[in-house]
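Please read the structure below before turning to the comments.
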């Protein structure tokens, strides 16, 4: 295709390979390789060839984009990705994008093709080209794009590309400058490879703690549903497992004291309802309430799941309110009376009323 076109045009113009090489500021060997099909001119050289021979770049490529259409080209990209046969040349891609660089949907499939191609070849130049097209995607972004891709998706992919290139400082800077959230694990990986082990440990510890809190909060929601539907045995098993799990993480247990407190309250109510000994649960609740209440000047702070910090005394007040509200929420449940009894045993209140 391209090799034959260059050969034919050179012969028509009646110039040698060496003369053409001088015009294009390249070597005779490069011209020879182009004409033998062993290499292809890059986009800049294609432009120079088209200008010198007064033809279109499409003609040099042997590809008439007007007749074939972008849809067929996108179809080719998708088929190549599906079959893992990356036979569309980078030069052809550059040319098509150059002529249609505002077509967001085209860029989606081009970048996907390039990144899949990189997985097969590990050619880092493909990553550089991908980054340039991703940045172009941000400039030409359309919310109604065919794959429902968001700006955030594009920016995260740029981070992936920088990470592949081992530009860890650039990844961190890009995340910060673009306010990308939920990428703490990425930041921890970057700090690890940069040798910032303390920073990596701190970041990943926060990720771990947040994932634990999400799990526990999910369990608390499930617990509410079990109690509301009078599935007391299942609720009891869930409270025991959740409390044991929190305690198993060791040093982070104190940061989850409020969750343990609420879970233990539910556990005590379940034990009372099932005719089990709940004195140990009640003792834990009393001790933690009394000890913290007495230490009004305690400087220890408890980290809530909504990422705020409150004084211990405020925490106890909030827990009392939460326990009362949860008890009243269960008015139509058979465990309601048991929860009110436990609540009153703890706080000395009558008939479910707060002081």
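The values are calculated or read from the model by the stated rules, or taken from the named source; none is laboratory data. What you see is a predicted model, and the numbers here were worked out from it, not measured in a lab. In this analysis, Cβ positions are derived from the backbone assuming ideal geometry, glycine residues included, and neighbour counts consider all displayed protein chains.
Conditions tested, residue by residue: (1) under 18 Å from the mean Cα position of the chain (by Cα); (2) more than 17 Å from residue 114 (Cβ to Cβ); (3) in the same structural domain as residue 119 (by TED's automatic domain parsing).
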| residue | (1), (2), (3) |
| --- | --- |
| 136 | no, no, yes |
| 141 | no, yes, yes |
| 161 | yes, no, yes |
| 188 | yes, yes, no |
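Residues checked against (1) more than 20 Å from residue 239 (Cβ to Cβ); (2) modelled with pLDDT of 60 or more; (3) surrounded by 12 or more Cβ atoms within 10 Å (Cβ to Cβ):
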| residue | (1), (2), (3) |
| --- | --- |
| 252 | no, no, yes |
| 270 | no, yes, yes |
| 288 | no, yes, yes |
| 297 | yes, no, no |
| 309 | yes, no, no |
| 330 | no, yes, yes |
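Going by what's in this entry, would residue 150 be described as surrounded by fewer than 16 Cβ atoms within 10 Å (Cβ to Cβ), under 30 Å from residue 263 (Cβ atoms) and out of contact with any helix residue (DSSP H, G or I) (no Cβ under 6 Å at 6 or more places or on another chain)?
no
Name the residue, out of 37, 62, 69, that is under 37 Å from the mean Cα position of the chain (by Cα), modelled with pLDDT under 85 and on the phi > 0 side of the Ramachandran plot. I'd like the intermediate steps shown before the answer.
Numbers: 37 fails: under 37 Å from the mean Cα position of the chain (by Cα); 62 fails: under 37 Å from the mean Cα position of the chain (by Cα).
Of 37, 62, 69, the one residue that is under 37 Å from the mean Cα position of the chain (by Cα), modelled with pLDDT under 85 and on the phi > 0 side of the Ramachandran plot is 69.
Would you please name the residue that is surrounded by the most Cβ atoms within 10 Å (Cβ to Cβ), looking only at residues in region 84-113 that are more than 26 Å from residue 50 (Cα to Cα) and under 27 Å from the mean Cα position of the chain (by Cα)?
111
Among the listed residues 202, 155, 167, which satisfies the condition of being under 26 Å from residue 42 (Cβ atoms), out of contact with any helix residue (DSSP H, G or I) (no Cβ under 6 Å at 6 or more places or on another chain) and either surrounded by 13 or more Cβ atoms within 10 Å (Cβ to Cβ) or outside the structural domain of residue 260 (by TED's automatic domain parsing) (or both)?
On the way: 202 fails: under 26 Å from residue 42 (Cβ atoms); 155 fails: under 26 Å from residue 42 (Cβ atoms).
Of the residues listed, the single one that is under 26 Å from residue 42 (Cβ atoms), out of contact with any helix residue (DSSP H, G or I) (no Cβ under 6 Å at 6 or more places or on another chain) and either surrounded by 13 or more Cβ atoms within 10 Å (Cβ to Cβ) or outside the structural domain of residue 260 (by TED's automatic domain parsing) (or both) is 167.
Only one residue in 158, 131, 175 is at pLDDT 95 or above and under 21 Å from residue 193 (Cα atoms). Which one? Let's see the steps before the verdict.
Working: 131 fails: under 21 Å from residue 193 (Cα atoms); 175 fails: at pLDDT 95 or above.
Result: 158 is the single residue among 158, 131, 175 that is at pLDDT 95 or above and under 21 Å from residue 193 (Cα atoms).
Collect the residues in region 34-44 that are surrounded by fewer than 19 Cβ atoms within 10 Å (Cβ to Cβ), closer than 17 Å to residue 92 by Cβ and free of Cβ contacts under 8 Å to residues at least 40 places away in the same chain, keeping them in residue-number order.
Of everything in region 34-44, those that are surrounded by fewer than 19 Cβ atoms within 10 Å (Cβ to Cβ), closer than 17 Å to residue 92 by Cβ and free of Cβ contacts under 8 Å to residues at least 40 places away in the same chain turn out to be 37, 38, 39, 44.
With (1) farther than 16 Å from residue 219 by Cβ; (2) modelled with pLDDT of 90 or more; (3) surrounded by 14 or more Cβ atoms within 10 Å (Cβ to Cβ) as the list, and residue 238 as the residue in question, which single condition is left unmet?
(1)
From the list 215, 226, which residue is free of Cβ contacts under 8 Å to residues at least 60 places away in the same chain and surrounded by 15 or more Cβ atoms within 10 Å (Cβ to Cβ)? Spell out the reasoning first.
Values: 215 fails: surrounded by 15 or more Cβ atoms within 10 Å (Cβ to Cβ).
Only one candidate passes the filter, namely 226.
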